[in-house]
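Worksheet for the structure shown next.
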Amino acid sequence: AQSVTQLGSHVSVSEGALVLLRCNYSSSVPPYLFWYVQYPNQGLQLLLKYTTGATLVKGINGFEAEFKKSETSFHLTKPSAHMSDAAEYFCAVSAGGTSYGKLTFGQGTILTVHP
Amino acid sequence: DTAVSQTPKYLVTQMGNDKSIKCEQNLGHDTMYWYKQDSKKFLKIMFSYNNKELIINETVPNRFSPKSPDKAHLNLHINSLELGDSAVYFCASSRDSGNTIYFGEGSWLTVV
């Protein structure tokens, strides 16, 4: 079974500041990990994913995340926030090839960016 | 072209009605899904179909009946709608069951 915990339901940063959204997971098998973004009244857009290989993965819009097995974490970062980054972000985990596509999502983190 | 498209985007209906949400993907994927996002933004899988066969049914009430006429379509029919069915329903697809899942824009269902 898999589960995801996103620490902080709301994160607020100033434009140009570092963005850090925290995600911890639990999984009984090697996990596949994902970050999705949802803008108001829109669908989910994939930001980045980790399956195997390099633990630092880069995604769209300047975001990246690092898979740390020892910490069971997959935190999302961006060096410099932009106003357009304001959205809700979801971390998700699956059991990889055995998951039949079942993603388990965290509860989401709303990112607010102040001028 | 929208990769995963679902219609309608917004639907307001009365309790007890029957409604359908249609979904089509033009990505050539073999696997399609329905996810539900509740009022607290919690996302959970409802169904998964691979090559038109049901793979996952996450203890969804049998008022919900998915139908996959072909690999590119997965429609969701809901009978006897209840207030608690109000949510955003997302259709999604992937190349196979272990790969990245691509989501549609969502269908906002409000039951009054």
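Looking at region B:34-52, can you tell me whether even one residue there is at the interface with chain A (Cβ under 9 Å from one of its Cβ atoms), open to solvent by 30 Å² or more (accessible area, probe 1.4 Å) and part of a strand (DSSP E or B)? Checked region B:34-52: at least one residue is at the interface with chain A (Cβ under 9 Å from one of its Cβ atoms), open to solvent by 30 Å² or more (accessible area, probe 1.4 Å) and part of a strand (DSSP E or B). Residues in region A:1-36 that are of a type in the set (A, V, I, L, M, F, W, C) and within 11 Å of another protein chain (Cβ to nearest Cβ): A:4, A:34. Residue B:68 satisfies every condition listed in (1) assigned to a strand (DSSP E or B); (2) open to solvent by 10 Å² or more (accessible area, probe 1.4 Å); (3) facing chain A (nearest Cβ under 10 Å) except (3). Is region A:38-51 home to any residue that is open to solvent by 50 Å² or more (accessible area, probe 1.4 Å) and small (Gly, Ala, Ser)? No - not one qualifying residue is present in region A:38-51. When we screen B:81, B:11, B:43 for residues that are within 28 Å of residue A:6 (Cβ to Cβ) and not polar (S, T, N, Q), the only hit is B:43.
In the list B:59, B:31, which residue meets the criterion of being touching a Lys or Arg at 6+ places or on another chain (Cβ under 8 Å), hydroxyl-bearing (Ser, Thr, Tyr) and farther than 19 Å from residue B:109 by Cβ?
Working: B:59 fails: touching a Lys or Arg at 6+ places or on another chain (Cβ under 8 Å).
Going through B:59, B:31 in turn, just one is touching a Lys or Arg at 6+ places or on another chain (Cβ under 8 Å), hydroxyl-bearing (Ser, Thr, Tyr) and farther than 19 Å from residue B:109 by Cβ: B:31.
Assuming residue B:63 fulfils every condition listed in (1) surrounded by 15 or more Cβ atoms within 10 Å (Cβ to Cβ); (2) of a type in the set (Lys, Arg); (3) more than 14 Å from chain A (Cβ to nearest Cβ) apart from one, which condition is it? It is condition (1) that residue B:63 fails.
Would you confirm, using the coordinates I've provided, whether residue B:21 is farther than 30 Å from residue A:10 by Cα, in contact with a helix residue (DSSP H, G or I) (Cβ under 9 Å, 6 or more places away or on another chain) and either in contact (Cβ under 8 Å) with a residue 40 or more places away in the chain or open to solvent by 70 Å² or more (accessible area, probe 1.4 Å) (or both)? Full working, then the answer.
Numbers: farther than 30 Å from residue A:10 by Cα: yes; in contact with a helix residue (DSSP H, G or I) (Cβ under 9 Å, 6 or more places away or on another chain): no; either in contact (Cβ under 8 Å) with a residue 40 or more places away in the chain or open to solvent by 70 Å² or more (accessible area, probe 1.4 Å) (or both): yes.
So residue B:21 fails the test.
Test residue A:93 against the stated conditions and say whether it is open to solvent by less than 80 Å² (accessible area, probe 1.4 Å), in contact (Cβ under 8 Å) with a residue 12 or more places away in the chain and out of contact with any Lys or Arg (no Cβ under 6 Å at 6 or more places or on another chain). Here the answer is yes, as residue A:93 does meet what is asked.
Is it the case, given these coordinates, that residue B:84 is at pLDDT 90 or above and either in a strand (DSSP E or B) or not aromatic (Phe, Trp, Tyr) (or both)? So residue B:84 passes the test. For region A:27-57, filtered to residues that are of a type in the set (Val, Ile, Thr) and outside any strand (DSSP E or B), the residue that is modelled with the highest pLDDT is A:55. Residues in region B:98-112 that are within 7 Å of another protein chain (Cβ to nearest Cβ) and buried (at least 22 other Cβ atoms within 10 Å of the Cβ): 4 in all.
Where in region A:58-115 are there strands (runs of 3 or more DSSP E), lying wholly inside it, with at least 1 residues that are within 11 Å of chain B (Cβ to nearest Cβ) and not acidic (Asp, Glu)?
Values: elements: A:64-68, A:73-78, A:87-94, A:109-114.
Per the criteria, A:87-94, A:109-114.
The values are calculated or read from the model by the stated rules, or taken from the named source; none is laboratory data. The structure presented is a predicted model; accordingly, all values stated were derived computationally and were not measured. So basically every Cβ, Gly included, is an ideal-geometry build from the backbone, and we count neighbours across all protein chains shown. Side chains are part of the model used for accessible areas, which takes the heavy atoms of the whole protein and leaves out ligands, DNA and RNA. Shrake-Rupley method; radii C 1.70, N 1.55, O 1.52, S 1.80 Å.
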